[in-house]
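Heads up: the structure comes next, in structure tokens.
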Amino acid sequence: MSTIAPQFRLSRFIASLFDIIFWVLLIFSLVGLPIVFIILFYIKMPIVNGQMLTPYLAMTWMADPSRTLPIIKTLLHTTFFHVIAFPGFGFAALLAAATIFVERKFLAKIQLRVGPLYCGKIEGILQLMGDGLKLISKEIIIPAKADKPIFWVGPLLFVGTAGAFVSLIPVARGWVVANPSVGLLAVFATIGFFPIISVLTAWAANNKWTFIGGLRALHQMIAFEIPLILSLLSIVILTGTLNLSQIVESQQHYWWIVFAPISAIVFFICIIAELERIPFDLPEAESEIVAGWLTEFSGMMYGLIQLGTYLKLYAFAGLFTVLFLGGWNGPMVWPPFPADIVTHGITIGPITAKIPGLPLFDQDMLNGTLWFVIKTVGVILLILLPRGVFPRIRIDMLLHTGWYKLIGLAFINIFIALGLLYAGVLGPGGLIQ
Amino acid sequence: MTAQLPPGIQLEKVDDRIMTLNVGPQHPGSGHMRLIIKIDGDYIVSCDPDPGYVHRGEEKMAEYRNYIQNIPHLERPVIHDSSNILHPYCLAVEELLGIEVPERAKYIRVIASELNRCIYTLYWLAIYGIFLGHSTMFMWPAGDRELFIDLLEAMSGARVTHAYLVPGGVRNDLPANFEERCLRQVDYFEKRLKEYQAVFYKNPILISRTEGTGILSRTDAIRLGTTGSVLRASGVDFDIRKKEPYDVYENLDFETVVMKEGDSYARSYVPYLEMFESCRIIRDAIRKMPKSGSVRTKLKPNPKGGNEEVYKRVESGRGALGYYIVSNNRPEPYRVKISVGSFRNLICMPYLLKGELLGNMPSVYWSLNYWPVEADR
């Protein structure tokens, strides 16, 4: 006898399944399909191979596997796919998850231990999934005296702002979610939101530790946002544009780190401070103020903050790559798509399948993405490294570093950039016109 | 707010600028105690340490057990330094009962005590690292403790609470080939210690954080009655192993580490340098140790002390650690008073933290070489 479901009867189970299927079909045909057609009436349908893609046409093509590829290709270029999957949230979240795993193993190697080992058989690769499940299943505790609406919305705002930041990073030529002509200004505007969220949630939690942590976060971010903006000014002077894609295009021959090394160093220190990572993790200093402004978050609220933090880490590393390391530019290493698959088809035994519409992605985009990912992962590893070798800095030294040293260094590089510009070495728009 | 208060209770008057923080007992940076800290902005106005959360009545328990039964529970206050906390007890009981300890046992005791001092200091250093946010400095000493824990396991059979030192000598002789193994591990450990210096003590951020914070002057250190590494970091050359040598310390070649600065950095650097001296002592003791002989003088069953009192102290990882034992012709002691270094060093904490930044609280607190469980006993 089963102890899990002692009242289980197979006949009733099958009957209930039929019941569910009946109701689903009824509701789908009476409510679902009309709603779908109403929505489709207002949406501009894409044009594939000269024909407008109506739902009937799409269903007709789905019956023919060789004609589904154009639909997929069209889907790949919709804004929806850009936001959800490739240059946007999904890609960033995947890289962020990989970053968490790499960080734990990397730090473990520095500290002479093994890191996650058991979950997932191979080197604990599923540890992150286990941690995520644990966070989801934990109870969310809201302090009784908290300002509940703001406290609830804080983690969501944090992830949303991090997602907005991610959407501004161009991954390959033409592959970017949002490409405003003032992209760099949009970046500054987005990262200006983070201290507001920290202070709001810290105040809303109504706890002394969150209060101190929130104020520390505010101090730190304002002190480091100014040198961060100033360090990027030399790039703007050199390129003459604020658009991130154009900044990448201007680095086809030389990366800006060659002409603005001081800016790169200042920017790198500033991103570590903005990310609240060791040695600048004062807002979360464990031995002083418990967990700083994150003290009262529990369960998935804390998980969302962590997700946002790692999205932010990816976005900052991507921004460093875009501004200083040439973004997607790099030697062509991706093999070209074998052309005879398109012309002759794939022969498997007696069957020859012709698949029009291949390749899904062009060689340029794949190569650009590869180089972008390689450079970004390198920058992320550099950002992770100080955690293994530095203790936490103190608040007065932190402010001194931000306000005195980094601003001065950023100005030095601005003067270097202006000198290069007026000496005629570089014109606006890059090294080669 | 004009409600009548019960007699004898009055409301505390607090300045609006002052915020009171209860650091502990449930706080990652407090240990088993509470610090009532009042801050004005980021500056500490006053600090009131409130120990006693792990009081276990060890002294009272000792009055109901005989001299041998007292051994295992008396090492519980500081299990990482169990040989050193038993050492003065053994010395005191030996004087009380008039027992002579074999020469080889004295050397073995010194080796065990020095190994244990390294274990304790490494654990302390690990927590100092994590208090300053340096997670590598937590993992490395916590891993290197294994070297000495393994040695003591080979000596005594237990990994942490050894109960190895007993009145009359040590519980059992050294295992075969112990000397070579010990020397090899000590050599390796000294190599590792030099790496600590590169990653921790020469780290610019650590130096800038701890130098000049929580300065304890020489006169204050003496007046407040501090002991151990805190006292030596303030420039007082006082080490019981040198000044009142017990067992065979007068035959061994080592030096007292003294620093003049008296700040958090010096207080954290002195125990580190003392680990090198411990390695020297272990090497010297192994060289000078008689190669064979008895290691334990057998006691009479259920021995009785005379009608007298005795006080013995040793240098533990946290400073002077003394036992005051009064006996009254019975198998159990009449009174056992444990005088520990942790509690004495805690006394100077309110003076050191006044006017410091809140961010200096962990570095000053843990540099006092304070072990909460030992202080509460």
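What follows draws every value from the coordinates through simple rules; no lab data is involved. Since we're looking at a predicted model, the values are computed, not measured. Backbone-built Cβ (ideal geometry, glycine too); neighbour counts: all protein chains shown.
Charges at C-beta only: +1 for Lys and Arg, -1 for Asp and Glu. How large is the resulting dipole of chain A about its Cα centre, in Debye rounded to 20? Write down the numbers at each step before the final one.
On the way: 25 positive and 20 negative charges, 120 e Å.
It works out to roughly 580 debye.
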Most fluctuating residue of A:S16, A:S231, A:S287 in a GNM of chain A with Cα springs under 10 Å: which is it? A:S16
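Give the average, rounded to an integer, of partner chain Cβ atoms located within 10 angstrom of each Cβ in B:351-359. Walk me through the intermediate numbers first.
Numbers: counts 0, 0, 0, 0, 0, 0, 4, 7, 13.
Average neighbour count from other chains, rounded to a whole number: 3.
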Specify which residue in the list B:V160, B:P175, B:F148 is farthest towards the positive end of the charge dipole of segment B:136-190, using unit charges on the beta carbon of Lys, Arg (+1) and Asp, Glu (-1), about the Cα centre. B:V160
Taking placed amide H atoms and a strict 5 Å upper bound, the residues 5 or more places from B:V166 or on another chain that come that close are B:R171
Gyration tensor verdict on chain A (Cα atoms; rounded if a/c is under 1.5, prolate if a/b is larger than b/c, oblate otherwise): oblate
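Just checking the output field for A:104-110: average partner chain Cβ neighbours within 10 Å of each residue's Cβ? All intermediate terms of the calculation are to be shown ahead of the outcome.
Numbers: counts 0, 0, 0, 3, 1, 0, 5.
For this peptide, the per-residue mean of nearby foreign Cβ atoms is 1.
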With Cα springs under 10 Å, the Gaussian network model of chain A assigns the largest mean-square fluctuation among A:Y310, A:Y42, A:Y118 to A:Y42
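Local charge sum around A:V266 (other residues, Cβ-Cβ under 13 Å, Lys/Arg +1, Asp/Glu -1)? All intermediate terms of the calculation are to be shown ahead of the outcome.
Numbers: positive: A:K405; negative: A:E225, A:E274.
That sum, taken over residues with Cβ under 13 Å, equals -1.
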Could you work out the local net charge near B:L151, counting Lys and Arg as +1, Asp and Glu as -1, over the other residues with Cβ closer than 14 Å to its Cβ? -2
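What dipole magnitude, in Debye to the nearest 20, does segment A:80-188 give about its Cα centre under +1 on Lys/Arg Cβ and -1 on Asp/Glu Cβ?
On the way: 10 positive and 5 negative charges, 53 e Å.
Roughly 260 debye, rounded to the nearest 20.
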Going residue by residue through segment A:168-180, the Karplus relation 6.51 cos²θ - 1.76 cosθ + 1.60 with θ = phi - 60° gives ³J(HN,Hα) values, rounded to whole Hz and with x marking Gly or Pro, of 8, 8, x, 8, 9, 4, x, 9, 8, 5, 10, 10, x
Take each complete run of DSSP H in chain B, measure how far its Cα atoms stretch along the helix's own axis, and keep only those covering 20 Å or more with mean Kyte-Doolittle hydropathy at least 0.0; list them. B:82-97, B:103-131, B:135-156
Can you tell me the dipole magnitude for the protein assembly as shown around its Cα centre, using point charges on the Cβ only (Lys, Arg +1; Asp, Glu -1), in Debye to the nearest 20? 1020
When the charge dipole of the protein assembly as shown is computed with +1 on Lys and Arg Cβ and -1 on Asp and Glu Cβ about the Cα centre, the Cα farthest towards its positive end, among B:I108, A:G160, A:I289, belongs to B:I108
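Which shape class, rounded, prolate or oblate, goes with segment A:240-347 when its Cα gyration tensor gives a ≥ b ≥ c as root eigenvalues, a/c under 1.5 marks rounded, and past that a/b bigger than b/c marks prolate? Intermediate results must be reported in sequence, preceding the final value.
Values: a/c = 3.79, a/b = 1.62, b/c = 2.34.
Cα axes put segment A:240-347 in the oblate bin.
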Test item: A:279-291 mean partner chain Cβ contacts at 10 Å: 5
Surrounding net charge for B:V270, when Lys and Arg each add one and Asp and Glu each subtract one, Cβ distance under 13 Å: -3
Would you look at the GNM of chain A, springs on alpha carbons closer than 10 Å, and say which of A:Q220, A:Q246, A:Q127 moves the most? A:Q127
Positive-pole candidate from B:P303, B:G225, B:V236, dipole of segment B:211-327, charges at beta carbon: B:P303
Listing B:M155, B:M289 by rising number of other beta-carbon atoms within 10 angstrom, fewest first, gives B:M289, B:M155
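What pairs from B:K191/B:K260; B:K60/B:K260; B:K13/B:K60 go past 28 Å between their alpha carbons?
Details: B:K191/B:K260 26 Å; B:K60/B:K260 40 Å; B:K13/B:K60 39 Å.
Correct reply: B:K60/B:K260; B:K13/B:K60.
With n ≥ 4 as the cut-off for DSSP H runs, can you work out [θ] at 222 nm for chain A, using -39500 (n - 2.57) per run divided by the number of residues, rounded to the nearest 500? Working shown, then result.
Numbers: 21 runs with 266 residues, N = 433.
Counting only the DSSP helices, I get -19500 deg cm²/dmol.
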Using only alpha carbon pairs under 8 Å that are at least six residues apart, calculate the relative contact order of chain B and give it in whole percent. 25
